[in-house]
Amino acid sequence: MEIGPKLPGQRETVLCKLGRTPEAALTEESRAGKDRQPLRPRAGRSAGQGSRVARSPGASPSSCVARPLGTMLLELPILVALGLLQLPPSHGQGCLSKRQLLTAIRQMQKLLSTQEAAQLQAVRNLKKQLTALQSSVHKQATHSNESCPHLAGPANGRRLGKKMTAGHEVHFLCDAGFRLVGSESRQCQDNGSWSGHQPFCKSIDDCASQPCANGGTCVDHVQRYTCLCLRGWTGGDCRSPDPSYWVSLNNSSFSRQPRCAENGQGARQCSCDAGFQMRPGGLCQDVDECQLFQLNHQTRICVHSCINLPGSYRCTCPPGYLLNPDQNTCEDVDECSDHQHNCSRGELCVNVFGGFQCVRPECPRPRHDTSYMKTSAFQCERNPCPVGSRSCRQSANSISFHYLPLQSNRTVPRVLFKMSTTRFLGDSLRFAIAGGRGLAAFTVQRSDRHTGELVMTSPVPGPATLEVELEMSELSRKVLLGKHIFRITVFVSPYEF
C-alpha cells in the first residue's frame with residue numbers, strides 16, 4: 001500500500017509520542033521510499049527469556065526495552081492511531097474517507113478481540129494449573145494419613161465401608177435372625193487405631209417369650225422356632241386340641257370316680273370336679289359344653305368351633321386367625337405386616353379377614369389422545385391433553401384403587417367408602433356408580449354437599465369378591481370441569497368374625 005502525503009508536523013508528532021526523534025523517523029521514511037516495504041521487527045528471543053524489541057535508528061534506549069503486557073495494552077490506542085494516520089487519504093483530500101475509517105475501526109475491534117481472548121485463555125490455563133496443584137497437594141496429604149488395621153465383618157453379618165484411613169468410619173449389620181452386640185460404628189483415629197470394640201452377631205432367642213402352650217417344648221432356630229406338643233395338642237403353638245386324640249379316648253377319660261368324704265355325723269358325701277356331673281351309678285361324667293351351648297347361636301361359647309375335653313372345652317380358630325386371650329374369640333392375623341405372604345415382586349399385599357390378597361393396580365393403557373401415569377402405588381393421574389382433544393378432556397383426571405376387607409353377612413345398611421375433593425372449583429358435585437360386579441348390594445348417597453358415600457344395602461355371604469367403580473364429577477353451570485374414578489374391590493371373608 002502506498003502512503004500518501006502527510007500534513008506538516010503530523011508524522012513528527014506521532015513519532016514523538018512513541019519515544020522516537022524526528023531524525024530517526026526521517027531515516028525510516030527514506031528507507032521506506034526506496035523499497036516501499038513496511039518495517040518489520042527482527043526476530044528475537046521470547047519474552048520469558050529476556051528478549052529485546054527491535055529498535056529503529058535514532059530511537060531512545062528507554063523505548064526499546066521489552067515491556068510488560070499491561071504496559072503494551074496501554075500503548076495499544078497509540079499504535080492504532082498510528083495505523084489510522086498511515087492509511088491513504090481519500091482522493092484530493094487530506095482526511096480519511098468513511099470506508100477507510102470503518103476499515104480501521106474493524107481492524108481495531110479484531111485486535112481488541114484477539115487480545116481479550118488471549119487474556120481469557122491465560123486465566124483459564126492459570127486456573128487449571130492451580131487446580132492440578134491443589135489436587136496434588138491433597139493426594140499427598142491423603143497418602144500421608146495414618147491407616148488402621150483391616151476390620152473383618154462379624155459372623156452372620158457384614159461390614160459397610162472400605163476406607164481404612166484416619167477420619168473414616170465403618171458400620172456393621174447383622175443378618176436376619178441375629179442382633180448386633182457391641183459398637184454399630186467404628187472410626188479410624190489419627191493414631192492408627194479403631195474406636196470402640198469389635199461387635200458380634202448373636203442369634204435372637206425366639207423361645208424367650210415362651211410361645212408354646214399346654215406344656216409344649218420350644219426349640220429355637222434361626223429366625224423361627226418349633227413347638228414340640230404333648231399328646232392331644234397340635235398347631236404351631238400347641239394351642240389347638242387334636243380331635244382324633246380326644247375322640248378316640250375310651251369313656252374312662254370322660255368319667256371318673258367322685259371325691260367322697262365323711263361328715264361329722266358319719267354320713268358319706270361325694271362330689272364331682274368342675275366340668276363333671278354325678279350320674280346314676282355314682283360316677284362323675286364329663287359335661288359336653290360344646291353340645292350344650294355351641295349349637296345355639298345365642299348361647300354359643302366359641303366364635304368358631306368347639307372341642308370337648310374331659311372336664312372342659314377348647315375353642316379353635318380357622319387358619320389366618322389366632323385365639324384371643326379370652327379363649328373364645330378369634331383375631332385376624334395380618335400376614336402383610338408380619339411378612340407371611342407370598343406376593344411376587346410388583347404386587348401389593350392386602351390383608352383380609354382370614355388371609356391376604358396380592359393385587360397389582362395398573363393404570364389404563366393409552367387410548368387415542370388419553371394416557372395416564374402412576375403417581376403412587378394406588379393412584380394414576382392423567383397426562384396433559386393435546387390442544388383440541390375433546391375425548392381426553394372428558395376422561396377421568398385421576399383413578400384411585402381401594403381394597404376393603406369385609407366379614408361375611410355383615411348387618412346392613414353399612415357405609416363402606418366415602419369420597420370427596422379437597423379442591424372444589426365448580427358449583428356442584430355428582431356421584432354415581434359407573435360399573436362393577438355385584439352391584440345389587442350397593443348404592444350411592446350424598447352425606448353433604450361435597451361428600452358421597454358407598455352404602456351396602458344387603459348382606460353378602462362369603463367368600464366373595466365384589467367390584468364397584470364410583471365416579472365423582474365436578475360441574476360448573478352443568479359444564480364438566482373434571483372427573484375422578486374410584487375403583488373399589490371388596491374381599492368378603494367366609495367367616496363372620
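For this structure, a couple of remarks:
- Residues being hydroxyl-bearing (S, T, Y) and either in the same structural domain as P319 (by the TED database) or in contact with a Lys or Arg (Cβ under 7 Å, 6 or more places away or on another chain) (or both) are represented in the range 465-475 by at least one member.
Here is a yes/no grid of residues against (1) of a type in the set (A, V, I, L, M, F, W, C); (2) outside any loop (DSSP other than H, G, I, E, B); (3) at pLDDT below 95:
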residue	(1), (2), (3)
P325	no, no, yes
E331	no, yes, yes
S337	no, no, yes
Q340	no, no, yes
S344	no, no, yes
N351	no, yes, no
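- Only one of the numbered conditions (1) of a type in the set (A, V, I, L, M, F, W, C); (2) farther than 30 Å from H304 by Cβ; (3) surrounded by 16 or more Cβ atoms within 10 Å (Cβ to Cβ) is not met by A377, and that is (3).
Yes or no, residue by residue, for (1) free of Cβ contacts under 8 Å to residues at least 60 places away in the same chain; (2) surrounded by fewer than 15 Cβ atoms within 10 Å (Cβ to Cβ); (3) of a type in the set (D, E):
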{"residue": "Q119", "(1), (2), (3)": "yes, yes, no"}
{"residue": "A122", "(1), (2), (3)": "yes, yes, no"}
{"residue": "K127", "(1), (2), (3)": "yes, yes, no"}
{"residue": "E146", "(1), (2), (3)": "yes, yes, yes"}
{"residue": "A152", "(1), (2), (3)": "yes, yes, no"}
{"residue": "H171", "(1), (2), (3)": "yes, yes, no"}
{"residue": "D175", "(1), (2), (3)": "yes, yes, yes"}
{"residue": "H197", "(1), (2), (3)": "yes, yes, no"}
{"residue": "F200", "(1), (2), (3)": "yes, no, no"}
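- Pair list, Cβ under 8 Å, 6 or more apart: the range 445-465 residue acidic (D, E), other residue modelled with pLDDT of 90 or more and surrounded by 15 or more Cβ atoms within 10 Å (Cβ to Cβ): E453/F417; E453/M419; E453/V444
- Residues being open to solvent by less than 60 Å² (accessible area, probe 1.4 Å), at pLDDT below 95, under 33 Å from the mean Cα position of the chain (by Cα) and not hydroxyl-bearing (S, T, Y) are entirely absent from the range 366-373.
- Answer residue from the range 349-391, given it is in contact with a helix residue (DSSP H, G or I) (Cβ under 6 Å, 6 or more places away or on another chain) and without any contact (Cβ under 8 Å) to a residue 24 or more places away in the chain and is farthest from T465 (Cα to Cα) among those: C385
- Just one of the numbered conditions (1) part of a loop (DSSP other than H, G, I, E, B); (2) open to solvent by 60 Å² or more (accessible area, probe 1.4 Å); (3) within 22 Å of P241 (Cα to Cα); (4) not basic (K, R) is not true of Q265: (3).
- Residue within the range 390-399 that is closer than 28 Å to H304 by Cα, at pLDDT 95 or above, assigned by the TED database to the domain that holds Q445 and under 31 Å from the mean Cα position of the chain (by Cα) present: no
- Search result, residues across the range 475-490 that are touching a strand residue (DSSP E or B) at 6+ places or on another chain (Cβ under 7 Å) and at pLDDT below 90: L475, L480, L481, G482
- Residue within the range 299-316 that is part of a loop (DSSP other than H, G, I, E, B) and more than 23 Å from Q407 (Cα to Cα) present: yes
- Pairing each residue of the range 332-348 that is among the hydrophobic types (A, V, I, L, M, F, W, C) with any residue that is part of a loop (DSSP other than H, G, I, E, B) and open to solvent by less than 60 Å² (accessible area, probe 1.4 Å), provided the two are 6+ apart or on different chains, yields C-beta distances under 6 Å for V333/G320.
- Conditions (1) open to solvent by less than 70 Å² (accessible area, probe 1.4 Å); (2) out of contact with any Asp or Glu (no Cβ under 6 Å at 6 or more places or on another chain); (3) not acidic (D, E); number of the one not met by S408: (2)
- Within the range 275-298, the residues that satisfy the criterion of being part of a loop (DSSP other than H, G, I, E, B) and either in contact (Cβ under 8 Å) with a residue 60 or more places away in the chain or not polar (S, T, N, Q) (or both) are G275, P280, G281, G282, V287, D288, L295, H297.
- Qualifying positions in the range 201-241 - under 37 Å from the mean Cα position of the chain (by Cα) and acidic (D, E): D205, D206, D220
- Hey, I485 touching a residue at least 12 places away in the same chain (Cβ under 8 Å) and either touching an Asp or Glu at 6+ places or on another chain (Cβ under 7 Å) or of a type in the set (S, T, Y) (or both) or not: yes
- Candidates are the residues of the range 384-405 that are of a type in the set (S, T, N, Q) and closer than 24 Å to I488 by Cβ; the one that is most open to solvent (accessible area, probe 1.4 Å) is Q394.
- Each residue in the range 465-497 was checked for being in a strand (DSSP E or B), open to solvent by 30 Å² or more (accessible area, probe 1.4 Å), in contact with a Phe, Trp or Tyr (Cβ under 7 Å, 6 or more places away or on another chain) and among the hydroxyl-bearing types (S, T, Y), and 1 pass.
- Among the residues of the range 331-345, those identified as within 17 Å of Y403 (Cβ to Cβ) and open to solvent by less than 50 Å² (accessible area, probe 1.4 Å) are D332, E335, C336, C343.
- For the residues K374, K418, the requirement of being assigned by the TED database to the domain that holds E469 and touching an Asp or Glu at 6+ places or on another chain (Cβ under 7 Å) singles out K418.
- Boolean, G435 is over 30 Å from V460 (Cα atoms) and either part of a strand (DSSP E or B) or in the same structural domain as L466 (by the TED database) (or both): no
- In the range 154-167, the residue that is surrounded by the fewest Cβ atoms within 10 Å (Cβ to Cβ) out of those that are of a type outside the set (S, T, N, Q) and not in a loop (DSSP other than H, G, I, E, B) is L160.
The values are calculated or read from the model by the stated rules, or taken from the named source; none is laboratory data. Everything quoted here is computed from the prediction, not taken from an experiment. So basically every Cβ, Gly included, is an ideal-geometry build from the backbone, and we count neighbours across all protein chains shown. To get the accessible areas, we keep the full protein, side chains included, count just its heavy atoms, and leave off ligands, DNA and RNA. Shrake-Rupley method; radii C 1.70, N 1.55, O 1.52, S 1.80 Å.
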